[in-house]
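So the structure is just underneath, and the comments pick up after that.
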Number of protein chains: 2
Amino acid sequence: MKKPSLIPHAQAGASGIRDLAARLGISIGTVSRALNDKPDVNPETRKRVIAAASELGYVPQQSGRSLRKGATHNIGLLWEIPEGRAAYGEPFFLSLFGGTQQVLSARGYDLVIMPDQPGATADPLARLRRIIQQRQVDALILPWTRTMDPRLDYLAEVGIPFVALGRSRSGGPHPWIDLDFEQAGEFATARFIAAGHRRIAIAIPADSLMQKRFFLAGYRRALKAAGLPFERALVAEGHVTPAGGYAAATRLLDVIPRPTAMLAIDSSMAVGIYRRLAELGLSCGQDVAVIGGVHDTPMTEFLVPALTCFSLDTVALGRRLAEILLARLDSKANPAGELWPIVLVERQSDRID
Amino acid sequence: MKKPSLIPHAQAGASGIRDLAARLGISIGTVSRALNDKPDVNPETRKRVIAAASELGYVPQQSGRSLRKGATHNIGLLWEIPEGRAAYGEPFFLSLFGGTQQVLSARGYDLVIMPDQPGATADPLARLRRIIQQRQVDALILPWTRTMDPRLDYLAEVGIPFVALGRSRSGGPHPWIDLDFEQAGEFATARFIAAGHRRIAIAIPADSLMQKRFFLAGYRRALKAAGLPFERALVAEGHVTPAGGYAAATRLLDVIPRPTAMLAIDSSMAVGIYRRLAELGLSCGQDVAVIGGVHDTPMTEFLVPALTCFSLDTVALGRRLAEILLARLDSKANPAGELWPIVLVERQSDRID
């Protein structure tokens with residue numbers, strides 16, 4: 001097992017173990033043993049050393065893995081609770097958690113879910129720092145990646161193994177899984193076009209998540225392939241909730257000429273879209289075709305009409321995230337990415353019978 | 001701060017610090033210091049001592065609180081992921097988590113959610129034991145209590161502070177919050193009766209959770225108060241999901257004479273009930289009045305017709321659970337219970353206009 005060495009965190013300025021020892025009034029040897037996770041260090045001292053090292057910008061070089069291996073047998077998942085969405089629940093994540101815990105517990109690990117509210121404090125990385133500095137976990141799962149994501153850069157710097165759910169330009173080479181929202185957006189749009197639709201509206205989130213860009217890119221690609229123009233007015237941004245779907249449908253169904261098809265990024269928006277159609281006396285399926293996006297929850301087939309949307313094996317996704325991290329902890333994995341296809345489930349909401 | 005002393009766990013047989021020291025080949029003083037959380041103990045040794053003490057049935061007497069105070073600054077929530085429900089999500093818990101983390105983080109604590117799959121292993125307490133033995137948290141929130149609940153007894157034995165969400169006969173005196181499902185069941189049933197209904201069906205979960213008993217008790221009490229008979233055929237048990245609602249409605253609407261009103265314990269069942277009504281050509285509201293139970297998610301108002309159901313401030317509930325635990329950690333709280341009322345939100349699904 002390679003021992004970790006220390007490098008100064010580039011943005012925090014140069015400092016040394018010597019400075020750390022002087023600052024804390026303890027020996028260089030103790031600082032070194034504390035940072036290298038040797039057992040013969042008073043736990044309180046270790047905490048002080050790690051906290052001070054972190055403040056001074058010290059991070060272990062690469063070997064967070066070996067530094068922490070087996071330390072906690074906990075795998076963390078940093079879970080943001082997005083505003084406006086919490087009250088609707090997260091069917092996606094709940095099933096995923098089950099799959100992850102299943103694989104982890106069979107290997108003697110446990111999943112711990114760490115809720116984060118990045119907007120609540122001045123430092124959006126505050127919770128992540130606490131998790132790392134207090135060594136609460138051996139490795140991390142990071143969902144909801146952004147194009148530029150300081151969380152991933154931070155984890156790469158401290159050298160703790162992680163897997164991202166979603167792509168990002170940040171964090172250097174690292175393993176990730178993403179769902180192919182671009183293919184989904186393109187497939188659904190092309191399906192509408194093949195059924196004769198020419199005015200196709202789309203509802204996407206108002207956030208900066210990567211999936212939104214990909215979904216919209218797929219939509220635009222299908223339009224272009226069919227020689228159809230891209231119209232800003234047919235794109236609505238909003239919350240990924242029933243209320244967001246309702247607001248989007250209200251706006252989009254006001255556009256003249258009215259769109260004959262609507263694609264939402266997430267099936268949770270469908271209930272709101274259905275309601276707006278009912279209020280306008282429009283038949284879902286006949287007057288306006290609807291495809292509910294990602295993903296298929298147990299609710300969608302009970303809606304009237306049953307919702308055509310994209311299916312995802314979220315349990316398998318959770319399992320695979322665990323497998324990737326366990327392989328990383330065993331030093332067996334490359335930092336490869338996996339792009340998972342998303343499959344359409346055909347039902348009644350986009351059918352003109 | 002009172003120091004913890006050790007008592008043998010009654011069910012595990014008698015043994016002593018002496019036995020422990022002999023078994024581990026270390027001094028009695030070291031065992032004692034390790035168990036009393038003194039700083040001058042090698043952390044590996046501490047782990048071995050705690051593991052061995054736990055195997056031999058040793059538990060700290062009452063003072064888990066002082067033993068662990070400030071040790072992790074993490075508050076755990078043991079989260080069961082019930083089969084058949086995961087894929088639908090947990091709007092209830094997601095909002096609750098937000099409230100809890102909000103209060104905790106303001107006090108320097110963090111919420112960690114620990115998913116559990118009690119049916120997955122031979123020992124249903126396996127994960128809880130790991131959490132306690134590895135001192136992962138300072139205190140715990142336990143949702144989904146059962147009438148007899150070995151988890152609560154275990155926590156009471158090891159003396160770690162906890163708050164239960166739901167009542168139970170287990171765990172000795174301890175703080176809890178419960179939602180008044182009995183009052184909700186009674187109120188909704190009485191409302192149906194006042195509107196002229198005489199055949200009122202009810203859909204409840206097929207599990208052994210306390211809330212089911214209370215909800216059914218409230219339903220029966222309202223029937224009795226109105227001099228109406230209780231009929232087994234008008235009670236359906238099933239999953240608390242849209243599919244469960246659909247199955248329940250299928251069964252209940254077959255009963256002759258057909259019920260004119262349906263009460264579901266949870267609003268998630270409503271989508272399935274609506275679908276079954278549509279399939280039978282029955283109007284929700286006119287032909288069959290529906291009340292959707294606990295609780296009001298952002299979806300319910302967008303259903304057509306908008307669902308009458310019970311509202312809950314889940315964020316406030318999450319905040320209060322955190323406050324109770326923080327007070328326990330400060331030694332200020334009594335192990336009192338709080339029964340929260342549930343308020344009906346009137347919409348269209350139970351209206352005969």
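For region A:71-83, filtered to residues that are more than 8 Å from chain B (Cβ to nearest Cβ) and modelled with pLDDT under 80, the residue that is nearest to the chain's Cα centre (by Cα) is A:Pro82. The single residue among A:Tyr246, A:Tyr219 that is under 26 Å from A:Val304 (Cβ atoms) and among the aromatic types (Phe, Trp, Tyr) turns out to be A:Tyr246. Taking region B:126-197 and the helices (runs of 4 or more DSSP H) fully enclosed by it, the elements with 2 or more residues that are without any contact (Cβ under 8 Å) to a residue 12 or more places away in the chain are at B:126-133. Could you count how many residues in region B:294-318 are assigned to a strand (DSSP E or B) and more than 30 Å from B:Leu104 (Cα to Cα)? Final tally of qualifying residues: 2. Would it be correct to say that B:Gly281 is over 30 Å from B:Pro173 (Cβ atoms), at pLDDT 90 or above and assigned to a helix (DSSP H, G or I)? Here the answer is no, as B:Gly281 does not meet what is asked.
Taken together, B:Phe92, B:Phe97 contain a single residue that is at the interface with chain A (Cβ under 10 Å from one of its Cβ atoms), in contact with a helix residue (DSSP H, G or I) (Cβ under 8 Å, 6 or more places away or on another chain), assigned to a helix (DSSP H, G or I) and modelled with pLDDT under 85, which is B:Phe92. Each residue in region B:231-276 was checked for being hydrophobic (A, V, I, L, M, F, W, C), in contact with a strand residue (DSSP E or B) (Cβ under 8 Å, 6 or more places away or on another chain) and assigned to a helix (DSSP H, G or I), and 8 pass. Residues of region B:275-315 that are of a type in the set (A, V, I, L, M, F, W, C) and in contact with a Phe, Trp or Tyr (Cβ under 9 Å, 6 or more places away or on another chain): B:Cys284, B:Ala289, B:Val290, B:Ile291, B:Val294, B:Met299, B:Phe302, B:Leu303, B:Val304, B:Leu307, B:Phe310, B:Leu312.
The residues in region A:107-134 that are under 26 Å from A:Leu317 (Cα atoms) and either more than 9 Å from chain B (Cβ to nearest Cβ) or at pLDDT below 85 (or both) can be counted, and the count is 8. Of all residues in region B:135-163, those satisfying the criterion of being at pLDDT 90 or above, in contact with an Asp or Glu (Cβ under 9 Å, 6 or more places away or on another chain) and over 22 Å from A:Phe97 (Cβ atoms) are B:Ile160, B:Pro161.
Scanning region B:127-173 for residues that are more than 12 Å from the chain's Cα centre (by Cα), within 27 Å of A:Ala106 (Cβ to Cβ) and among the aromatic types (Phe, Trp, Tyr) yields one hit, B:Tyr154.
Residue by residue, here is whether (1) surrounded by fewer than 23 Cβ atoms within 10 Å (Cβ to Cβ); (2) away from chain A (no Cβ under 14 Å) holds:
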{"position": "B:Ala225", "(1), (2)": "yes, yes"}
{"position": "B:Glu231", "(1), (2)": "yes, yes"}
{"position": "B:Leu234", "(1), (2)": "yes, yes"}
{"position": "B:His239", "(1), (2)": "no, no"}
{"position": "B:Gly245", "(1), (2)": "no, no"}
{"position": "B:Ala264", "(1), (2)": "no, no"}
{"position": "B:Ser268", "(1), (2)": "no, no"}
{"position": "B:His295", "(1), (2)": "no, no"}
{"position": "B:Val304", "(1), (2)": "yes, no"}
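The values are calculated or read from the model by the stated rules, or taken from the named source; none is laboratory data. This one's a predicted model, so the numbers in the text were calculated from it and none came from an experiment. Glycine also receives a Cβ, built like all others from the backbone with ideal geometry; neighbour counts cover every protein chain displayed.
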